[in-house]
Amino acid sequence: MNKILFFDVDGTLYNSEKKLPESAKNALLEARHNGYELAIATGRAPFMIESLLEELDINTYVTFNGQYVVYKGEVVYTNGIEKEELAKIIAFGDARNEPVVFLDDKRMIASVCDHMMVAESLDTLRYPYPELDSSYYMQNDVYQTLIFMEEKDEPLYCEMFPNVQFVRWHPYSCDILPKGGSKAVGIEKVLDKMGITLKDAIAFGDGINDIEMLQAVGTGVAMGNGHERVKAIAHHIADHVDEDGLAKIMRKLAII
């Protein structure tokens, strides 16, 4: 058997208290014992999942929704928005009091200080307000940029900037991804290294940014707490993450 399991973090591995349930941890360790490779596929940055990777002894991960991919500790793929395109988006948002946050593999940097939408969004990740440097993206490789604007304004951004895609993860915030970028693309980079196909992969997720991933792999599992659009395309639907949903579905699928 040469299969690999990809797990989203928030709402999939982490419960509503942003903690890894003991049942989920035990299930993953048992899956590894049964011959499965374990990997993370998240919209988070690498530095935001360090403790999780250490706890589960995982060294393969797709982060930034596919923009920064590591296989067995080695960076195998990176991607990002062109600086010129990003500058246009930032200027457009700045005129509307809609700031951005830049992320690379080690840090998070905000374009403005003390902005309510930034604070509230990042608080759901249990992350403090970032340091300030509005030109950070000009001097550094940025793998993910977050734009902070309300859902009602998202179509305006989509119309103004058709060369990128906006993937919402919070009522106040979207990830800005290159056109065609997704967790699915990152997963393919890992599978290429392993010499196996998408049908050999199983993925678990709950958010809008998990849709391409769950559609691409051989078996896509949506959490019971997931978005309705995610559950609509999944092969299987688990119970709620707070009700040991991950361990139960892994048992049902005979992974453990």
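The values are calculated or read from the model by the stated rules, or taken from the named source; none is laboratory data. Everything numeric here is computed off the predicted structure, so don't read it as measured data. Counting neighbours? That spans all protein chains shown, and the Cβs are built from the backbone with ideal geometry, glycine included. For accessibility, only protein heavy atoms count, side chains too; no ligands or nucleic acids. Shrake-Rupley method; radii C 1.70, N 1.55, O 1.52, S 1.80 Å.
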Taking 0.36 nm per residue of sequence separation and subtracting the Cα-Cα distance, how much length would be gained by fully extending the chain between residue 235 and residue 75, in nm to one decimal? 54.6 nm
Would you mind checking the tilt of helix 22-33 against the longest principal axis of the Cα atoms of the chain, expressed as 0 to 90 degrees and rounded to 10? 60 degrees
Could you order peptides 152-165, 241-254 by the average number of other Cβ atoms within 10 Å of their residues, highest first? 241-254, 152-165
Could you check the simple spin-label distance between residue 156 and residue 132, using points 7 Å along Cα→Cβ, in nm with one decimal? 2.4 nm
Ranked highest first by the average count of other Cβ atoms within 10 Å around their residues, in what order do 17-25, 166-174 fall? 166-174, 17-25
Kirkwood hydrodynamic radius, computed over distinct alpha-carbon pairs, for segment 1-102: how many Å, to one decimal? 15.5 Å
If I ignore ligands, DNA and RNA and count only protein heavy atoms, how much of residue 227 is accessible to a 1.4 Å probe, in Å² to the nearest 10? 90 Å²
Antiparallel bridge percentage (DSSP; both residues within the chain; nearest 5): 55 percent
Spin-label model distance (nm) - residue 139 vs residue 32, 7 Å beyond Cα toward Cβ: 3.9 nm
Over the Cα atoms of the chain, compute the convex hull volume and normalise it per residue, giving Å³. 115 Å³
With each run of n ≥ 4 DSSP H residues scored as -39500 (n - 2.57), what mean residue ellipticity at 222 nm is computed for the chain after dividing by its residue count and rounding to the nearest 500 deg cm²/dmol? -9000 deg cm²/dmol
Pairs beyond 29 Å (Cα-Cα), from 152/193; 18/248; 106/252; 83/189; 199/231; 88/152: 152/193; 106/252
Computed for the chain: size of charge dipole around the Cα centre, +1 on C-beta of each Lys and Arg, -1 on C-beta of each Asp and Glu, debye to nearest 20, value 800 debye
Ordering 210, 57, 105 by how much accessible area each has at a 1.4 Å probe, largest first, what is the list? 57, 105, 210
